[in-house]
Amino acid sequence: MDTGSRGDNAAKGAPGEPARWHPASVALHWLTFLLILFQFWVSGPMLDEKRDLLSRFELYQLHKSVGLTVAAFVLLRLVLRVALRQPGPENDNPWLRGAASLVHAALYLCIIALPVTGLLMAAAAPIQIPTLYFGLFPVPHPIGPDPAVYRRMLWLHDQFGNILIGLGVVHVAAVAVHMVLWRDGLLGRMWFGRRWS
């Protein structure tokens, strides 16, 4: 397929379709991305047993608060996907479109599953420490201490984190292909501009 025609289709879109994502969706996308990077970064010092307990406690609370915020952002993005008009598909190939949809669905699943398993892990932990949302108010724990559930949630939390890293690499690689090889303006659709209408 001609790369020039791909770029034209991506830039113009079908009649009645916006050329870009809504600014609210764009903002949530990049905020979510930055917060996820922060989560992986903060997990290092958070798990460092050489640090004093008070600083680790503060990092754990920050990690949990940011995780719940990310989950809320993703749920809001899903609502916006339903409520707002979206740009048309950036590729005419049904296989590539299906693969992109699968990766996006898996990303959403992992990003929501991580804070859910994290909260359940904190709730089921043998040592009960309240979850304080940015120090403002406590988040209720849905279950009580349970060593078996704690171990299972810990394992799932780690696995979802590893899967998210892999999916993130695939996602970034796909964007690079669109930018470097196909030059179809995909990244510009997920940025701020005047062409959402």
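The values are calculated or read from the model by the stated rules, or taken from the named source; none is laboratory data. Small disclaimer: the values here were computed from a predicted structure and weren't measured. In this analysis, Cβ positions are derived from the backbone assuming ideal geometry, glycine residues included, and neighbour counts consider all displayed protein chains.
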(Q) Looking at the structure I just gave you, is ILE127 within 22 Å of TRP155 (Cα to Cα) and out of contact with any helix residue (DSSP H, G or I) (no Cβ under 6 Å at 6 or more places or on another chain)? (A) yes
(Q) Of everything in region 29-47, what is surrounded by 12 or more Cβ atoms within 10 Å (Cβ to Cβ) and of a type outside the set (S, T, N, Q)? Give them in sequence order. (A) HIS29, TRP30, LEU31, PHE33, LEU35, ILE36, PHE38, PHE40, VAL42, PRO45, MET46, LEU47
Q: Return the pairs, sorted by first residue and then second, in which the second residue is in a helix (DSSP H, G or I), the first residue lies in region 20-36 and is charged (D, E, K, R), the beta carbons are less than 6 Å apart, and the residues are 6+ apart or on different chains.
A: ARG20/ARG189
Q: Check GLU58, GLU49 and return the single one that is of a type in the set (D, E, K, R) and at pLDDT 95 or above.
A: GLU58
(Q) Can you list the helices (runs of 4 or more DSSP H) lying wholly within region 79-197 that have 3 or more residues being over 26 Å from LEU31 (Cβ atoms) and either free of Cβ contacts under 8 Å to residues at least 24 places away in the same chain or β-branched (Val, Ile, Thr) (or both)? (A) 94-124, 147-177
Q: Tell me, please, whether a residue that is more than 21 Å from MET46 (Cα to Cα) and in contact with a Leu (Cβ under 7 Å, 6 or more places away or on another chain) can be found in region 114-130.
A: no
Q.
So the check is Cβ under 7 Å with 6+ separation or different chains; which pairs have a first residue in region 37-61 that's without any contact (Cβ under 8 Å) to a residue 40 or more places away in the chain and a second one that's outside any helix (DSSP H, G or I)?
A. PRO45/ARG51
**Q.** Looking only at region 2-38, and only at residues there that are in a loop (DSSP other than H, G, I, E, B) and under 19 Å from the mean Cα position of the chain (by Cα), the one that is modelled with the highest pLDDT
**A.** HIS22
(Q) Among the residues of region 180-193, are any among the acidic types (Asp, Glu), surrounded by fewer than 17 Cβ atoms within 10 Å (Cβ to Cβ) and more than 23 Å from GLN39 (Cβ to Cβ)? (A) no
